[in-house]
């Protein structure tokens, strides 16, 4: 296990250096011109390849002390053609009120994406994109959140649009590298409708089925509204079936 962890660290170091070069030189690689016009949802990535930065925050609505606060960052870099590199920046996990619980960095992830089929564009009546993605995440050691650690993942991403209606999904498996990290199947599906020039409504259903160390399953249902003026994207959603009082999520994205 120590040898595997060392190799994982080396892999992350190599891809991190490469990813940072793309971050500081975003103009070298432009987004695909034949974007299918499928708007990503909060937890469901769009399958297309384009240079995009994401920032997402969530908080449960329980007014008692020690409810969760969560901040997440992600970037997708086009590597030319149909390849992309996804970088999941360390998340910030804590509880409210601040300083009432430790603030930790959740895993940093690196994933390689390949868009193997694509048709249509923003201007066509129908369009679609289909990708595969695989990689891993390195978890920083911590004592406050023992279930957080290193993992690997593989998934397929799909999106299809017909006029103003569109759907997309992520389906895959995440395996724990550290013994205490859960291994699980994940299925995220979103449906959306283009209301007007800049406004969209979406609904998302996310299923997680844990296989180890103990079997368990859960799902969430998230209605959303999105506003996309130009290259910016703003999304607000509410996970209605999360207990005890739901979870509010907000995402801001910028495409280059």
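Residue check: residue 121 meets all listed conditions (1) in contact (Cβ under 8 Å) with a residue 24 or more places away in the chain; (2) surrounded by fewer than 17 Cβ atoms within 10 Å (Cβ to Cβ); (3) not in a loop (DSSP other than H, G, I, E, B) but one, namely (3). When residues in segment 211-225 are screened for being more than 17 Å from residue 169 (Cα to Cα) and buried (at least 17 other Cβ atoms within 10 Å of the Cβ), 0 of them pass.
Report the residue count in segment 149-171 for those that are more than 17 Å from the chain's Cα centre (by Cα) and surrounded by 14 or more Cβ atoms within 10 Å (Cβ to Cβ).
Total meeting the criteria: 4.
Quick grid of which residues meet (1) surrounded by 15 or more Cβ atoms within 10 Å (Cβ to Cβ); (2) at pLDDT below 55:
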site	(1), (2)
11	no, yes
24	no, yes
28	no, yes
39	yes, no
58	yes, no
80	no, no
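The values are calculated or read from the model by the stated rules, or taken from the named source; none is laboratory data. Not measured: the values here are computed from a predicted model. Note that we place each Cβ from the backbone using ideal geometry, even for glycine, and neighbour counts take in every protein chain shown.
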